[in-house]
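In what follows, a single structure is set out as C-alpha cells and then discussed.
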Amino acid sequence: MEDQSAALDEGPKVSPYSRTPKRIDRAHMEAMWREAAKRRGDYSAHLWVTVLALLYGTGLRRGELERLDVDAFDRAGGTLRIDGRKTGRERCLPLPEIVLQCLDVYLPLRHNQLEEAGLVGERALLISRNGRRLSGFAISNGVHAISRSAEVPLRSLHQFRHSCASDLLEAGVHLARCSTSSALRCVDDRALRAHCRPAAARGD
C-alpha cells in the first residue's frame with residue numbers, strides 16, 4: 001500500500017521524447033470560427049461551427065466525434081454521452097452553454113437535411129449534406145480546409161483537445177478537475193454566439 005501511495009505521489013511519467021501537440025491560441029481559434037461560419041450554404045456553416053464547438057468545447061477525439069449518435073445528446077441535462085471504445089468505459093460530458101446553443105441551432109437544420117435526403121432514420125449526430133454520417137476523414141478534411149482558409153497553422157485535430165485542457169489549466173482549473181464544462185469560456189463568447197444564432201437573426 002505504501003509503495004502504491006508513493007507511486008501516486010510521484011505523478012505520471014512523462015517521456016522527454018514525446019511531442020505535445022501545439023496549442024491553438026485565441027486569435028487563431030476565433031479566426032477558424034469566423035471562417036467556419038462563412039462556409040457555403042446555411043447548413044454547412046452551422047455544421048462546421050458545431051464541429052469546432054464540439055472539438056474544442058468537449059476535447060473529443062475525432063473517432064468519438066464521428067461515432068456520436070443524435071440520442072447521445074441530452075438537452076434537458078445538458079450532457080453528451082460518449083462511447084467507451086477508446087477508453088474502455090462510457091462517459092457523460094457536461095456541455096458548455098455555447099455548445100448547447102450551437103446544437104440548438106444545428107439540430108433543426110440537420111432534420112431538414114435528412115428530410116430532403118429521405119433519410120429521417122439516420123442516427124448520426126453529425127451528417128453531411130447528403131444525409132449520411134460525417135466520416136472521420138471528412139471531419140479532418142473539413143477542419144483542415146477551414147484552417148487553411150483562415151491561415152491558421154493546424155497539424156492535427158488533437159490540438160483542439162490539447163488547447164481545451166491547456167486553456168482550462170491557464171484559467172486556474174486543477175488538472176484533476178479539468179472538466180470541459182467551462183472550456184469555451186476561454187474564447188470570446190460574443191464572437192461564438194454570433195455564429196450560433198440562426199441565419200435569419202444574422203440577416204443572412
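Just so it is clear, none of the values below were taken in a lab; they were calculated from the coordinates. All figures in this text were calculated on a predicted structure; none of them were measured in a lab. All Cβ positions, glycine included, derive from the backbone under ideal geometry; neighbour counts span all protein chains shown.
Descriptive notes on the structure:
- For region 126-157, a tally of residues being in a helix (DSSP H, G or I) and surrounded by 14 or more Cβ atoms within 10 Å (Cβ to Cβ) returns 11.
- From the list Ala76, Ala27, the one residue that fits, being over 20 Å from Ala138 (Cβ atoms) and part of a helix (DSSP H, G or I), is Ala27.
- Set Arg67, Arg62: member being free of Cβ contacts under 8 Å to residues at least 60 places away in the same chain and either of a type in the set (Gly, Ala, Ser) or surrounded by 18 or more Cβ atoms within 10 Å (Cβ to Cβ) (or both): Arg67
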